[in-house]
Amino acid sequence: MLVPAAVAFANGNGNSADTSLRALAAKQGLRFGTAVDASQLGTNKAYTDIVADQFSVVTAENAMKWESVEPTQGVYNWKDADALVKFAEQHGQVVRGHTLMWHNQLPSWLTTGVGNGTISNAQLRDILHKHVTDEVTHFKGKIWQWDVINEVFANSWETPQADGLNANDFWVQHLGSGIIGDVFRWAHKADPKAVLMYNDYNITGEDGTNVKFQAVYNFVKDLRKQGVPIDGIGEQGHLDTQYGFDAQRYQADLQAYADLGLKVAITEADVRTFVNNSTEQVPTSSLAQFAQPFEFSELLKGCELVSQCISFTAWGVHDGDSWIPGTFQGEGYGLLYDVNMQPKTVYSTLQQDLELAAGTAHHGALGGDK
Ligand code: 9MR
């Protein structure tokens, strides 16, 4: 889609004192976003207000995934996804579509059919083609970026295929590596103006190696050489304070993707740490209260310093609504707002980063002459 004019980035009140994340990010031409639970829009006022006021790009956390949009074969349910797109239009926001081909959250009719052999690989390919075409067509002109393919590369601790893909990935296993380029072509045909991304985690050295980065880099470089319509790389940005984070390598890797002629985006940022319990999510280490905003800030600054980085998205609004406690035993505190939807230290840290990058600070004459 065409990116609306810069004025639409901010909250529409035209107030230069607007210190929302979206308004501050707009000053440097960056969009600041969040993943959204579409079913809470309009029903949960505090939640809805934060989404509207603070963010200029939204991603459906689950509502655009295949199991959500086609729970029964041939019967589409666009309700929550359409509601999110409409909300975005009403609030001067753009939408990241997430995600067209992924091994998770597939409808059970599909996985069951493949499992019991009633869906052959040739039929699976046709079904995927229809899914990609129908979904991209449904939202044609309304999606800024699509996460076309999600998480098909092997992790650094797994044995990859020769081309770096995960041989056990559902799609790679059934349809081979060539499916990646095909899905990008199908998506491009259905909406030629959408920015088409490959989205994954640990692809900018966060796991302490550059193995996965190198695999994605080589593969995508080759796709570009073949003329596959891929426009960008989505780095998810799921960090954990217990592992540390090499911010220089992260920035260098983002820049390397960008130097291939690609856009980059931070698509699912959160920084988790150990907490007292999942209800309160108070960090058990007082140092984590500094590590969490610090690593989040490093994620944002790397994006700010790579001019091809077009958006920075947090994976959820508040800690009470995050995937983290349900997946990582004893961890939480990953987002910008706490379980009571109050802004955390990380919120003001990111505000400062955005203000600094916008160059709004003035110190008068150098040397402080009288
Ligand atoms: O946040 C999402 C959570 O609500 C779902 O239950 C989960 C199912 O796998 O997916 C989560 O989002 C994932 C995203 O779609 C892709 N990257 C990893 C995210 C966290 O698991």
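The values are calculated or read from the model by the stated rules, or taken from the named source; none is laboratory data. Everything numeric in this text was worked out from a predicted model, so none of it was measured. All Cβ positions, even for glycine, are placed from backbone atoms using ideal geometry, and neighbour counts span all protein chains on display.
Figures for the structure shown
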item	result
Residue satisfying condition, being surrounded by fewer than 19 Cβ atoms within 10 Å (Cβ to Cβ), in a loop (DSSP other than H, G, I, E, B) and more than 16 Å from the ligand (Cβ to nearest atom), within set 286, 348	286
Tally of residues being surrounded by fewer than 24 Cβ atoms within 10 Å (Cβ to Cβ), under 30 Å from residue 285 (Cβ atoms) and among the β-branched types (Val, Ile, Thr) across region 193-240	2
Residue satisfying condition, being at pLDDT below 95 and of a type in the set (S, T, N, Q), within set 204, 209	209
Matching residues in region 305-320 - criterion: being assigned to a helix (DSSP H, G or I) and surrounded by fewer than 20 Cβ atoms within 10 Å (Cβ to Cβ)	305, 320
Some residue of region 152-163 being under 23 Å from residue 97 (Cβ atoms), outside any strand (DSSP E or B) and touching a residue at least 12 places away in the same chain (Cβ under 8 Å)	yes
Long-range neighbours under 6 Å by Cβ, at least six apart or interchain, first residue within 12 Å of the ligand (Cβ to nearest atom) within region 191-202, second of a type in the set (D, E, K, R) and part of a loop (DSSP other than H, G, I, E, B)	200/151
Among the candidates 77, 62, residue that is part of a loop (DSSP other than H, G, I, E, B) and either among the hydroxyl-bearing types (Ser, Thr, Tyr) or over 24 Å from residue 264 (Cα atoms) (or both)	77
Test: residue 264 is within 16 Å of the ligand (Cβ to nearest atom), closer than 29 Å to residue 39 by Cα, in contact (Cβ under 8 Å) with a residue 40 or more places away in the chain and buried (at least 24 other Cβ atoms within 10 Å of the Cβ)	no
Criterion violated by residue 136 - all others in (1) more than 25 Å from residue 216 (Cα to Cα); (2) touching a strand residue (DSSP E or B) at 6+ places or on another chain (Cβ under 8 Å); (3) part of a helix (DSSP H, G or I) satisfied	(1)
Residue 146, sole failed condition from (1) farther than 18 Å from residue 78 by Cβ; (2) touching a residue at least 40 places away in the same chain (Cβ under 8 Å); (3) outside any helix (DSSP H, G or I); (4) not aliphatic (A, V, I, L, M)	(1)
Residues that are in contact (Cβ under 8 Å) with a residue 60 or more places away in the chain, within 16 Å of the ligand (Cβ to nearest atom) and either of a type in the set (S, T, N, Q) or assigned to a helix (DSSP H, G or I) (or both), drawn from region 27-39	34
Scan of region 166-190 for residues that are surrounded by 20 or more Cβ atoms within 10 Å (Cβ to Cβ), within 16 Å of the ligand (Cβ to nearest atom) and not in a loop (DSSP other than H, G, I, E, B), ordered by number	171
Failed item, numbered, when residue 122 is tested on (1) of a type outside the set (Asp, Glu); (2) loosely packed, with under 14 Cβ neighbours inside 10 Å; (3) away from the ligand (no atom under 16 Å from the Cβ); (4) closer than 28 Å to residue 201 by Cα	(4)
Test for residue 316: is it touching a strand residue (DSSP E or B) at 6+ places or on another chain (Cβ under 9 Å), closer than 15 Å to residue 21 by Cα, within 16 Å of the ligand (Cβ to nearest atom) and not hydrophobic (A, V, I, L, M, F, W, C)	yes
Residue match in region 24-33 (condition: modelled with pLDDT of 95 or more, under 30 Å from residue 176 (Cα atoms) and under 16 Å from the mean Cα position of the chain (by Cα))	no
Residue 221 being assigned to a helix (DSSP H, G or I), more than 25 Å from residue 323 (Cα to Cα), more than 16 Å from the chain's Cα centre (by Cα) and without any contact (Cβ under 8 Å) to a residue 60 or more places away in the chain	yes
Pair list, Cβ under 6 Å, 6 or more apart: region 93-114 residue over 26 Å from residue 314 (Cβ atoms), other residue near the ligand (Cβ under 10 Å from one of its atoms)	107/67
When residues of region 42-68 are limited to those that are within 14 Å of the ligand (Cβ to nearest atom) and in contact (Cβ under 8 Å) with a residue 60 or more places away in the chain, the one surrounded by the fewest Cβ atoms within 10 Å (Cβ to Cβ)	66
